[in-house]
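**Q** Mind having a look at this structure? Questions to follow.
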Amino acid sequence: MSDKGMMEKEEIFSKVLRAGRRTYFFDVRSTRADDYYLTITESKKFTNDDGSFYYKKHKIYLYKEDFDGFREILAEMTDFIINEKGEEVISERHQKDFKKEYEDDNQEKTTSNSSNPEKFTDVSFDDI
């Protein structure tokens, strides 16, 4: 089969979900027997020290015989999370004043470290 024929087979139906540094690709693909299956790819962007970037990818292959079980467990898990923690995102990154708190913490640490250089190596892991 030519590369063009293979590409046409691979691009049956696709959707993309961009979520911050992560991107999720949902792709319907075809088996050799011409049946369909789903691939879900998580792509996460990372930055090297020199400013260049690269992506790490993780892929799940989901076949029709597993759809019902997957859908059932996914619904159960997402319902559990929403019922236990609500729909609001609980994360430092998602706090409205996160940047301000982060800057305040850094100022306090800088002030305490500069006034007492011997304590520079004292680290509280509760802050991490």
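Only the coordinates and a few stated rules stand behind these numbers; no lab work does. Predicted, not measured: the structure shown is a model, and the values here were computed from it. Methodologically, a virtual Cβ is constructed for each residue, glycine included, from the backbone with ideal geometry; neighbour enumeration extends over all protein chains shown.
**Q** Please give the length that would be gained between Y55 and I90 if that part of the chain were fully extended, namely 0.36 nm times their separation in residues minus their C-alpha to C-alpha distance (nm, one decimal).
**A** 10.0 nm
**Q** On to the next question. Less than 15 Å Cβ to Cβ from E72, Lys/Arg counted +1 and Asp/Glu -1: what total charge do the surrounding residues give?
**A** Taking every other residue near E72 into account, the sum is -3.
**Q** What is the packing order of peptides 79-91, 57-69, 36-48, taking the mean over residues of other C-beta atoms within 10 Å and listing the highest first?
**A** 36-48, 57-69, 79-91
**Q** Could you tell me which of rounded, prolate or oblate describes the stretch 3-87, using a ≥ b ≥ c as the square roots of the eigenvalues of the alpha-carbon gyration tensor, with rounded for a/c under 1.5 and, failing that, prolate when a/b is larger than b/c and oblate otherwise?
**A** Cα axes put the stretch 3-87 in the oblate bin.
**Q** A follow-up question, please. Report relative contact order for the stretch 3-87 in percent, whole number only (criteria: Cα-Cα under 8 Å, sequence separation at least 6).
**A** 18 percent
**Q** Same structure, new question: Stretched out fully, how many nm does the piece from T41 to R22 gain, at 0.36 nm a residue minus the Cα gap?
**A** Result: 5.8 nm gained on full extension.
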